[in-house]
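Report on the structure given below.
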Ligand code: HEM
Ligand code: HEM
């Protein structure tokens, strides 16, 4: 498997970034939903700090991912996909990128306008506040963070369903080319020896 993307499949770096970000978003979602149910006590500040730092790490990883995509390109559409499907996939992917920024950014804005304790990235350094404290903006930012998150969940559900649909019903390489494989070209027909 190559590090860089080829015309047929995603390379190791793009795959690693895709699945690492999926894992982090899953952890952030679980931690986020649990932490808002906890009593508001300094005992649980560490849970908030962990959520915030991990969320900021996602912003950095998405920047790296986009830079890598720009440098390494993307595979060609899976052979045989109709044009309308390619267009919808493209729109969905760019909306997912937008939400991967918007969700953590809204969390960062909520933290900023709340004017609480300084935000430290995994305890290492102080992260700047994006806006001054504001009572009136607090509910707006909190609701934006929550609703953008649910929008991301809805889009991911459609995206994952499409990936499984391609795999199970179209029997094409869409899902396989985002997964590690020792085979060089997943879109070429299998040799007869592999079929038997
Ligand atoms: C991809 C990244 C992120 C995801 C998926 C995410 C997800 C969530 C979720 C699901 C909740 C619970 C919402 C609710 O039910 O009210 C939440 C709450 C929260 N998040 Fe995030 N978050 C992310 C990034 C961030 C970042 C970067 C910050 C701040 C720097 C942040 C700050 C907060 C805060 C302060 C709350 C508590 C809101 C409240 O008190 O109601 N989040 N997040
Ligand atoms: C937080 C969850 C997820 C996010 C934010 C996400 C985001 C993305 C984005 C932005 C792309 C487009 C890559 C590009 O063109 O640069 C992509 C591709 C892909 N994703 Fe996801 N994804 C998520 C979860 C999943 C899940 C759960 C699956 C499978 C079950 C999946 C399967 C795929 C596949 C197969 C591709 C490649 C599509 C192709 O080659 O045309 N993703 N994902």
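The values are calculated or read from the model by the stated rules, or taken from the named source; none is laboratory data. All of these numbers come straight from a predicted model, not from anything done at the bench. Cβ placement follows ideal geometry from the backbone for every residue including glycine, while neighbour counts extend to all protein chains displayed.
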Out of (1) away from ligand 2 (no atom under 16 Å from the Cβ); (2) without any contact (Cβ under 8 Å) to a residue 24 or more places away in the chain; (3) not in a loop (DSSP other than H, G, I, E, B), the one residue 90 does not meet is (1)
Hey, can you tell me all the residues within region 133-182 that are in contact with a helix residue (DSSP H, G or I) (Cβ under 8 Å, 6 or more places away or on another chain), farther than 29 Å from residue 52 by Cα and surrounded by fewer than 13 Cβ atoms within 10 Å (Cβ to Cβ)? 180
Residue that is at pLDDT 95 or above, surrounded by 13 or more Cβ atoms within 10 Å (Cβ to Cβ) and under 15 Å from the mean Cα position of the chain (by Cα), where the choices are 55, 32: 55
Those residues of region 35-52 which are surrounded by fewer than 12 Cβ atoms within 10 Å (Cβ to Cβ) and touching a strand residue (DSSP E or B) at 6+ places or on another chain (Cβ under 8 Å) amount to none
Qualifying residue in region 116-134 (condition: in contact (Cβ under 8 Å) with a residue 40 or more places away in the chain, within 12 Å of ligand 2 (Cβ to nearest atom) and either within 23 Å of residue 24 (Cα to Cα) or part of a helix (DSSP H, G or I) (or both)): no
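Would you call residue 50 in a loop (DSSP other than H, G, I, E, B) and under 25 Å from residue 29 (Cβ atoms)? Walk me through it before giving the result.
Numbers: in a loop (DSSP other than H, G, I, E, B): no; under 25 Å from residue 29 (Cβ atoms): yes.
No: the conditions fail for residue 50.
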Tell me, which residue of region 12-29 that is more than 17 Å from residue 155 (Cα to Cα) and crowded, with 18+ Cβ neighbours inside 10 Å is nearest to ligand 1 (Cβ to nearest atom)? 17
